[in-house]
Amino acid sequence: MIAQLKIVFQDFFDTIFGTQKVIRIGLYGPPNSGKTTLANRICKDILNSEEDFGEVSSIAHETRKINVKERVIMARNGKKVIFDLIDTPGIATRIDYEKFARAGMSDREAKQRAKEATRGVIESIKWLDKVDVVLMVLDSTKNPYNQVNLTIIGNLEARKIPVIIAANKTDLKSSKLDRVTQSFPKYPVIGISARFSKNMDEFYDAVLKAKKHIRKR
């Protein structure tokens, strides 16, 4: 009991007085890869929160603004990290309002969503100058070797930002984890299902390991 109280007090002291560096972890990836679903899972697992961090939808670009959860404390196997979790809008090279119209939106709604989604992509890229680690979330049922993902990886390499690739939706029969690992052999790839909390322990361990690769920029 005393040992537990010491841990709680130390976590509180570190957070309030800043004795441990707070790192910024950004969730990046194309639309509908499951970034916000993963953000919700992290908050439920670590913060025991039943409230969703963000809304999810089958229509692309549900997240169109940067969303930040500050001072998340994760402790595992004697190691601890304090981080701000940043959920970013999905990155796309082309945003067509007609796609939203086909999903049932009015022309006005579709055009507004496209405009907001475009601003969101710009903000996501700008935030790369602020994050310390990137969790790149990919839909493992889709071909990962495409222009959007290569653009993201290129930006991360240029900035020397540590990357963990979360190959999401492995609960689906069409998931092909090997295709993701073969496309990005330089990076740790963790197959997960954020929706059903599959393989999250390995994912969290990878997040803790990434901390030591952070460089001063």
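Quick look at the values:
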quantity: Label zone at E157 (point 7 Å along Cα-to-Cβ), backbone N below 12 Å, region 170-191; calculated: 184-187
quantity: Relative contact order computed over region 142-197 (Cα-Cα under 8 Å; 6+ residues apart), in percent; calculated: 41
quantity: Binned Cα-Cα distance frequencies in region 65-217 - 5 Å width, integer %; calculated: 1, 8, 15, 18, 20, 17, 11, 5, 2, 1, 0
quantity: Label point distance in nm, I214-R119, each placed 7 Å from Cα along Cα→Cβ; calculated: 3.0
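Bear in mind these aren't lab numbers, they're just calculated from the coordinates by the rules spelled out. Just so it is clear, the model here is predicted, and its values are computed rather than measured. Here Cβ is always computed from backbone atoms with ideal geometry, including for glycine, and neighbour counts include all displayed protein chains.
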